[in-house]
1. Which entries in A:LYS172/A:LYS331; A:LYS100/A:LYS129; A:LYS178/A:LYS331; A:LYS45/A:LYS248; A:LYS129/A:LYS228 show an alpha-carbon gap greater than 31 Å?
2. What is the sum of charges around A:ASN14, taking Lys and Arg as +1, Asp and Glu as -1, for the other residues whose C-beta is under 12 Å from the C-beta of A:ASN14?
3. Can you tell me how much longer the chain between A:SER29 and A:THR181 gets when fully stretched, taken as 0.36 nm per residue apart minus their C-alpha distance, in nm with one decimal?
4. Test of understanding: what is the full-extension gain from A:LYS165 to A:GLU132, defined as 0.36 nm times their sequence separation minus their Cα-Cα distance?
5. Starting from 0.36 nm per residue, how many nanometres of slack lie between A:ILE213 and A:ASP336 once their C-alpha separation is accounted for?
6. Does segment A:112-261 come out rounded, prolate or oblate by the C-alpha gyration tensor, with a ≥ b ≥ c the root eigenvalues, rounded set by a/c under 1.5 and, if not, prolate when a/b is larger than b/c and oblate if not?
7. So if the hydrodynamic radius of segment A:123-185 is defined as the Kirkwood radius over C-alpha pairs, what does Stokes-Einstein give as its diffusion coefficient at 4 °C and 1.567 mPa s, in µm² per second?
8. Using label points projected 7 Å from each Cα along Cα→Cβ, tell me how many nm separate A:THR83 and A:VAL261, to one decimal.
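Please treat every number below as a calculation from the coordinates, not as lab data. Please read these numbers as outputs of a predicted model, since none were measured by experiment. All Cβ positions, glycine included, derive from the backbone under ideal geometry; neighbour counts span all protein chains shown.
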Amino acid sequence: RIAPVIVSGVTVENTTLHNKGEVERLGMSIGDKVRVVRRGDVIPKIIEVLGRATVGDLKGRTHSDGSPFNQELPEASEIIVPTKCPRCETTLAVDGAFLKCINLDCPSRLERTILYWCRKLELDGIGEKLAEQLCSSGLVSSLADLYRLDERKRELLSLDRMAEKSANNLLKELENSKSMTLSMFISALGLPRIGPEIATLICSEVETLEELIDMLQHREEAVERLVKIDRIGEVVANLLLDGISDRKESIIDLYSKIIIVEGRKTISQGTLNGETFCITGTLSRPRKEIALSIKAQGGKVVSSVSGNLDFLVSGDSSGSKMEKATRLGVKIIGEDQLDDLLGGGILTDIPKPRQSTLGEF
DNA sequence: AACAACCCCGTCAATAGATC
DNA sequence: GATCTATTGACGGGGTTGTT
């Protein structure tokens, strides 16, 4: 945490140091004065230590809402790298540049697992606070427990800021997001390095969870089989198998609570077969909608510009992506041209918006 | 009715590490 | 060595819901 400072228009009070290496590189201590910039005008980053801060440095600082910053200047002291998880006291393990808590039952990890699952499935309504409450109240101690909340509504209602309406919304969200493809299921588990892309690749080879679990029995064969998939190497294969194996019971439990649906095999049907798109700037429709239209035609939507990108779909006031695309010679198109590419399918391919007003009255 | 708490979204770059 | 995936991170605005 830093004393509030205005950087390119916003008040910054928090900024990450990422890992131990970064702290060492900067040679930083608590109580130092630092220079903060915002990468891409968004994420704050400390780029330099400017020596010790003084009381005078803190004069006249305000939070973003205008209220004064009253915190004292902390005594100068070294940053102590933790050796134990601040939450569960488990000894931390070094994982590359990072320190990790390896206790699968660590409450912090459970909360993150829940949040990750919900975000991946676009299950709205569970944020940090609720996740924390669900866990600490004992209502939820595994992902599968989320799907048991309907049986424990009374207890659910006893949580903070949780009354009838919120509870019903939550239960409905849970119910509505029960169906998913196997690759969704796998990627939403949040196993390290197993994201949507890798999960999809795996599902092109392994068709059911049962099959995957059976593979655990013959480890070497399993690795061999997975490594045959293009872009999957030994490391990822082992991470997947370990990840599943470590959580086997709870994954099976969770699996029994949800519904696996067939993935769209027709995914590459369409006019945009295999073309990649990146969307930037302000457009006339929500990004999500545009992305869906593109995908419906077999196109792929990525979040960053690289030399391999086929099209940058650019709206108004697009920033650095535009610049990068120009530099790399990526074709830049507007919404009109995208519509042309989509072949007028644009209106039929997007899912119906929620008809909550007109239809119901 | 006013206020407070919470959640979601949009914004984007920079890592580290894996794979080929 | 080039290219890709996955992940993280901070803030403010806007919407919804709960509480006073």
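1. Numbers: A:LYS172/A:LYS331 42 Å; A:LYS100/A:LYS129 22 Å; A:LYS178/A:LYS331 39 Å; A:LYS45/A:LYS248 39 Å; A:LYS129/A:LYS228 42 Å.
Long pairs (Cα-Cα over 31 Å): A:LYS172/A:LYS331; A:LYS178/A:LYS331; A:LYS45/A:LYS248; A:LYS129/A:LYS228.
2. Values: positive: A:ARG1, A:LYS45; negative: A:GLU13.
Once all neighbours under 12 Å are counted, the net charge is +1.
3. Details: separation 152, 0.36 × 152 = 54.72 nm, distance 4.79 nm.
Full extension of this stretch gives 49.9 nm more.
4. On the way: separation 33, 0.36 × 33 = 11.88 nm, distance 1.97 nm.
Extending this stretch completely gives an extra 9.9 nm.
5. Values: separation 123, 0.36 × 123 = 44.28 nm, distance 4.76 nm.
Roughly 39.5 nm would be gained on extension.
6. Working: a/c = 2.49, a/b = 2.38, b/c = 1.05.
Verdict is prolate for segment A:112-261.
7. Details: Rh = 12.1 Å.
Using the Kirkwood radius from Cα pairs, D works out to 107 µm²/s.
8. About 5.2 nm, to one decimal.
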